[in-house]
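Beneath this line is the structure, given in structure tokens, with notes to follow.
The values are calculated or read from the model by the stated rules, or taken from the named source; none is laboratory data. Only a predicted model underlies this, so the values are computations on that prediction, with no experimental measurement involved. With ideal geometry, Cβ positions are generated from the backbone for all residues, glycine too; neighbour counts draw on all protein chains shown.
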Amino acid sequence: MSMPFYVAPEQLMKDKADYARKGIARGRSLAAVVCQEGILICAENPSNTLHKVSEIYDRIAFAGVGRFNEFDQLRIAGIRHADLKGYSFSREDVDARSLANAYAQILGNIFTHEIKPMEVEILVAELAAERVDDRLYHILYDGTVADETRLLALGGDAETVADRLAQAFGDEENPTFAAALSASASALAGPDRTLGAEALEVAVLDRTFERRAFRRFSDHEVAQALAAA
């Protein structure tokens, strides 16, 4: 009887993490910024049909980077989770924190128990009545959750994109939508290239909308906003 190869748990977890990070790094990054009008989510995505950013519930948005088929499965699971909770209890009981925790459990279980981890990072954003209560939750491939209140970047180049955004805003705590979009596009592009409207997927959770706050922007609207910045 042959004996299975032994791999130390620390090495196994490290190998899984390295595998997931390499897969995520092959994708394009995205950025989310809390602005005067609501929460802007801007992703580098030339496709008109394969969306990285979507609506989950009334004032909750989802975004993902990495393998499209994997984060799209999570998007669908999140919609079902939110719809079931809203139907069973109340629409007001559906919030981004519980949804982020549910995603963290799914990703954590897969990372721990499955041979192949999910090659994804996801964002769950919730728009509140007041800007100080807006929430951005970043869930990693291993189920780790981090919350932010101002800006967030996902993807293989996330740290660099976040640094560029922070430098662009400085001490500005409440930028306009146009300024946030221009800074996000520049941060995603970097110093050596320029991203036009056709290469960006842009959506916003609009504070002026009463219930369903999610709005997706067309290429023409994105081009106009970039020109106005």
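Quick check on my filter: what residues within segment 178-198 are surrounded by 19 or more Cβ atoms within 10 Å (Cβ to Cβ) and either among the charged types (D, E, K, R) or touching a residue at least 60 places away in the same chain (Cβ under 8 Å) (or both)?
Once the filter is applied, which keeps residues that are surrounded by 19 or more Cβ atoms within 10 Å (Cβ to Cβ) and either among the charged types (D, E, K, R) or touching a residue at least 60 places away in the same chain (Cβ under 8 Å) (or both), segment 178-198 yields Ala179, Ala180, Leu181, Ala183, Ser184, Ala185, Ala187, Leu188, Leu195.
Could you check, for segment 209-217, whether at least one of its residues is touching a helix residue (DSSP H, G or I) at 6+ places or on another chain (Cβ under 7 Å), closer than 22 Å to Ser29 by Cβ and either modelled with pLDDT of 95 or more or not in a helix (DSSP H, G or I) (or both)?
no
Out of curiosity, is Ile122 in a strand (DSSP E or B) and either touching an Asp or Glu at 6+ places or on another chain (Cβ under 9 Å) or more than 26 Å from Val7 (Cβ to Cβ) (or both)?
yes
Based on this model, can you work out whether Gly170 counts as of a type outside the set (D, E, K, R) and at pLDDT below 90?
Against the criterion (of a type outside the set (D, E, K, R) and at pLDDT below 90), Gly170 qualifies.
What number of residues within segment 179-192 are in a helix (DSSP H, G or I) and not hydrophobic (A, V, I, L, M, F, W, C)?
3
Kindly provide the set of residues from segment 40-85 that are among the charged types (D, E, K, R), in contact with an Asp or Glu (Cβ under 7 Å, 6 or more places away or on another chain) and closer than 18 Å to Ala102 by Cα, ordered by number.
Once the filter is applied, which keeps residues that are among the charged types (D, E, K, R), in contact with an Asp or Glu (Cβ under 7 Å, 6 or more places away or on another chain) and closer than 18 Å to Ala102 by Cα, segment 40-85 yields Arg59, Glu70, Lys85.
Tell me the residue from Glu92, Glu119, Glu114, Glu130 that is at pLDDT 95 or above and either under 21 Å from Ala32 (Cα atoms) or out of contact with any strand residue (DSSP E or B) (no Cβ under 9 Å at 6 or more places or on another chain) (or both), please.
Answer to the check: Glu119.
Scan segment 132-169 for residues that are assigned to a strand (DSSP E or B), within 25 Å of Ala189 (Cβ to Cβ) and among the aliphatic types (A, V, I, L, M) and jot them down.
Leu136, Ala146, Leu151, Leu152, Ala153, Leu154
Return yes or no: is Ala82 crowded, with 23+ Cβ neighbours inside 10 Å and closer than 24 Å to Gly196 by Cα?
No: the conditions fail for Ala82.
Among (1) touching a helix residue (DSSP H, G or I) at 6+ places or on another chain (Cβ under 8 Å); (2) in a helix (DSSP H, G or I), which single condition is Leu195 missing?
Unmet condition: (2).
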